1. Applying the Karplus parametrisation 6.51 cos²θ - 1.76 cosθ + 1.60 with θ = phi - 60° to the phi angles of the range 39-50, what ³J(HN,Hα) value in whole Hz is obtained for each residue in order, glycine and proline being reported as x?
2. Collect residues whose amide H, placed 1.01 Å from N in the peptide plane, falls under 5 Å from the amide H of residue 140; neighbours closer than 5 in sequence don't count.
3. I'd like the Karplus ³J(HN,Hα) series for the range 136-146: coefficients 6.51, -1.76, 1.60, θ = phi - 60°, whole numbers in Hz, and an x wherever there's a Gly or Pro.
4. What are the principal axis extents of the Cα atoms in the range 49-119, in Å, biggest first?
5. Can you work out the FRET efficiency for the pair residue 140 and residue 43, with r the C-beta to C-beta distance and R0 = 30 Å, to the nearest 0.05?
6. From a point 7 Å beyond the Cα of residue 64 in the direction of its Cβ, which residues of the range 120-151 have a backbone N at a distance under 18 Å?
Amino acid sequence: MSQGSGEAISALIVLLAVVALLGSAVGYGRRADKAALDVDSTVGLLCVTPHKALKLLSFRSRITVPLDSITEVSVNPKIWQQCTVRRRRAGLALPGIRYGGFIGDDGHSFWLAGPVASGAPLVLRLTGQPFDYLVIDQADPGSTALRLRNALRGNRR
């Protein structure tokens, strides 16, 4: 085998891996839950863990946020129109899909949001953190928001 054909095969393997990763992410992105949100009240932390291929596409395997830094928890169906992205920090942005870190007029943000049935992602406003807010699709964003608000109330007592 010549050196040129070996390089072509290597390039083809890389291309197939990228296509498989994107296909997996788009397929997985159709799920309503884009990340697991775990609250550890004993140490006062929220841990956001993107699911599977979204870890690679968002360039984050986990984001840990102190509960004290969360200033607002909301479910906002208009977040896509309200937050203009000017630059990508590290992530994937396609029409209707944002995975990763972005910089916009309203600060630094981290998104795990895409085509979702609920249409209203969970929005967490933060202070004193690398991101000013997190936007995360959840299957039931209302109950997730309620659970986080209750954790915040318990943490601030």
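Throughout, read-outs are computed from the coordinates displayed, never taken from laboratory work. Not measured: the values here are computed from a predicted model. Positions of Cβ are generated from backbone atoms using ideal geometry, with glycine treated the same way; all protein chains shown enter the neighbour counts.
1. For the range 39-50, the Karplus-derived couplings read 9, 10, 5, 5, 10, x, 10, 10, 10, 9, 10, x Hz, x marking Gly and Pro.
2. Excluding prolines and chain starts, which carry no amide H, there are no hits.
3. 9, 6, 9, 4, 10, x, x, 6, 5, 4, 4
4. 30, 27, 27
5. 0.70
6. 127-131
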